[in-house]
1. Relative contact order for the stretch 1-63 using alpha-carbon pairs under 8 Å, separation at least 6, rounded to a whole percent?
2. Taking only C-alpha pairs under 8 Å that are 6+ residues apart, what is the relative contact order of the chain in percent?
3. Provide the per residue accessible area, probe 1.4 Å, for the stretch 34-131, rounded to a whole number of square angstrom.
4. Can you tell me the relative contact order of the stretch 36-84? Whole percent, Cα pairs under 8 Å, sequence separation 6 or more.
5. Quickly work out the residue 130-to-residue 106 label distance, labels modelled 7 Å from Cα along the C-beta direction, and quote it in nm with one decimal.
6. Classify the stretch 56-131 from the C-alpha gyration tensor, please: rounded if a/c falls under 1.5, else prolate or oblate depending on whether a/b exceeds b/c.
7. How long is the gain from residue 89 to residue 45 if the chain were fully straight, where each residue apart is worth 0.36 nm and the alpha carbon distance is subtracted?
8. Which of the DSSP-defined H helices in the chain satisfy a minimum axial length of 18 Å, computed from C-alpha atoms, and a minimum mean Kyte-Doolittle hydropathy of 1.6?
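The values are calculated or read from the model by the stated rules, or taken from the named source; none is laboratory data. Just so you know, these numbers come straight off a predicted model, no measurement behind them. Counting neighbours? That spans all protein chains shown, and the Cβs are built from the backbone with ideal geometry, glycine included. In case anyone asks, the SASA skips ligands and DNA or RNA and just uses the protein heavy atoms, side chains included. Shrake-Rupley method; radii C 1.70, N 1.55, O 1.52, S 1.80 Å.
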Amino acid sequence: MQKDIDVLARTIYGEARGESRDGQIAVGWVILNRYRTGRWFAGETIAETCTKPFQFSCWNATDPNREKLLNATEAVLKPFWDLAERLINDEYKDPTGGATHYHTKQVKPKWAKFKTPTAIIGNHVFYNNID
């Protein structure tokens, strides 16, 4: 459980540290929704779901965020650990409409073509029903 909290926190930090708390909660919910689907894009644990190759870009070896999330200090990560624990304990409502995927407003990945977003929160666009 502690590894899941740590990796979830680092993923939210890597993917959404510049977002509002609502945006960070939304990204966290995508990870939990994805994990709970048990589909090909999920892992056996929350941590595996976060670090599955090419699923959350902050964990990609070439992504500049990877170094930041791996080397973040305890002081930086503390609020993200708290958020991750609260998310795992279902203390926040899912604002994404059950989304399992998202992208920033600056890109339009091919998997999002012809899909209707379930939510737009901060700089992220959220989707469900992605194969």
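1. Relative contact order of the stretch 1-63: 32 percent.
2. Here the relative contact order equals 29 percent.
3. Averaged over the residues of the stretch 34-131, the accessible area is 60 Å².
4. The value is 15 percent.
5. It works out to 1.8 nm between the two label points.
6. The shape class here is oblate.
7. Between residue 89 and residue 45, full extension yields an extra 14.3 nm.
8. Sorted by number, there is nothing, because no helix extends far enough and scores high enough.
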